[in-house]
Amino acid sequence: MSDGGAPAGVFGGRAGDWASWQSSPWGRLRYDVVRETTARAVADLPAPLRVLDVGGGDGTDSLPLAAQGHEVTVLDFAPELLARARETAAARGTAVRVVHADLDDLVPGEGPGELGSFDVVLCHNVLHYRADVPATVRLLAGLARPGGVLSVMAPNPAMDVLAAAVRRLDPGRARAVLDSPTVHGETFDHEMRRLEAAEVEQALAGAGCTVERRFGIRCLMDLIADDERKAEPEFYEQLLELELLLCEREPYWRTARFWQLTARAGG
Ligand SMILES: C[S@@+](CC[C@H](N)C(=O)[O-])C[C@H]1O[C@@H](n2cnc3c(N)ncnc32)[C@H](O)[C@@H]1O
């Protein structure tokens, strides 16, 4: 089943490209910042947390939470990525539950593996592949317990324009993408919707959630043309420190490569 979003083969078939992207300086920075922003968003919840990572792929966002003693479930429809999550967890000596399911087939409380309800529901970099974003957000909200935290993120359309003009010195490309509803994603070689944070804020409110925090992930890195410097450990650490200072500040978060919203689930 599918709501018309991207099929599983798009992701599972490019697991190697995904892993290469993740290990690049820009991939690492995305995960390093999100580890911190997510920790800030769930800090008031009593541990251990029941965490569900929807479209969690190889679990790079959620496996560190398992290592901290939280109970992590990774749900995805790409078996290749779930196998990687399992292998990584085993290599680190941590426990993780993986659920092979299409999120269109989920009914909260009755879904595959009797999912139940969770203190924290992550859905990172999935919504822009979905045809019906409000329906997906309602589904996610139904998987969180009342008072639990929902975290969603997606590429920020603003950075499509800024990166083309500033980093790639290509004003023509920046102009072309400015009003385009989609952009071609290189890693999974697939069209992605250009999804605004404001649209998802509305969907979260419609699902009975209260948005608490708004983050920008990689406020600066995508504007820097020199990729070799990004791989230098000292430069990377200095940039990471600065990114962590900017990620929740006006106006920087609004133009970062990704937006991340965290919201409190209603009762
Ligand atoms: C760009 S990857 C993001 C993976 C992970 N959340 C991260 O940020 O590292 C998108 C993930 O969503 C999964 N996905 C997309 N549509 C899905 C669906 N309908 N049901 C389950 N998983 C889905 C893909 O298999 C893939 O692992």
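The values are calculated or read from the model by the stated rules, or taken from the named source; none is laboratory data. The structure presented is a predicted model; accordingly, all values stated were derived computationally and were not measured. Counting neighbours? That spans all protein chains shown, and the Cβs are built from the backbone with ideal geometry, glycine included. Just so you know, the surface numbers come from the protein's heavy atoms only, side chains and all, with ligands and any DNA or RNA stripped out. Shrake-Rupley method; radii C 1.70, N 1.55, O 1.52, S 1.80 Å.
A89 falls short on exactly one of the conditions (1) part of a loop (DSSP other than H, G, I, E, B); (2) open to solvent by less than 30 Å² (accessible area, probe 1.4 Å), and that condition is (1).
Note on segment 101-125: among residues that are modelled with pLDDT of 95 or more and open to solvent by 20 Å² or more (accessible area, probe 1.4 Å), the one that is nearest to the ligand (Cβ to nearest atom) is N125. Just one residue in the set R30, R35 is in contact with a helix residue (DSSP H, G or I) (Cβ under 9 Å, 6 or more places away or on another chain) and open to solvent by 50 Å² or more (accessible area, probe 1.4 Å); that residue is R35. Only a single criterion out of (1) crowded, with 22+ Cβ neighbours inside 10 Å; (2) assigned to a helix (DSSP H, G or I); (3) within 15 Å of the ligand (Cβ to nearest atom) is not satisfied by A135, namely (1). Of the residues screened, D53 is one that is near the ligand (Cβ under 9 Å from one of its atoms), of a type in the set (D, E) and crowded, with 20+ Cβ neighbours inside 10 Å. When V34, V51 are checked against the criterion of being in a helix (DSSP H, G or I) and among the aliphatic types (A, V, I, L, M), V34 stands alone in meeting it. Number of residues in segment 138-161 that are open to solvent by 10 Å² or more (accessible area, probe 1.4 Å) and touching a Pro at 6+ places or on another chain (Cβ under 6 Å): the value is 1. The residue of segment 190-200 that is farthest from A6 (Cα to Cα), among those that are outside any strand (DSSP E or B) and open to solvent by 50 Å² or more (accessible area, probe 1.4 Å), is A198. When residues in segment 56-84 are screened for being in a strand (DSSP E or B) and surrounded by fewer than 24 Cβ atoms within 10 Å (Cβ to Cβ), 2 of them pass. Taken as a whole, segment 171-189 holds no residue that is within 21 Å of A39 (Cα to Cα), open to solvent by 10 Å² or more (accessible area, probe 1.4 Å) and under 16 Å from the mean Cα position of the chain (by Cα). Residue count for segment 204-221 satisfying the condition of being open to solvent by 10 Å² or more (accessible area, probe 1.4 Å) and either out of contact with any strand residue (DSSP E or B) (no Cβ under 8 Å at 6 or more places or on another chain) or among the aliphatic types (A, V, I, L, M) (or both): 6.
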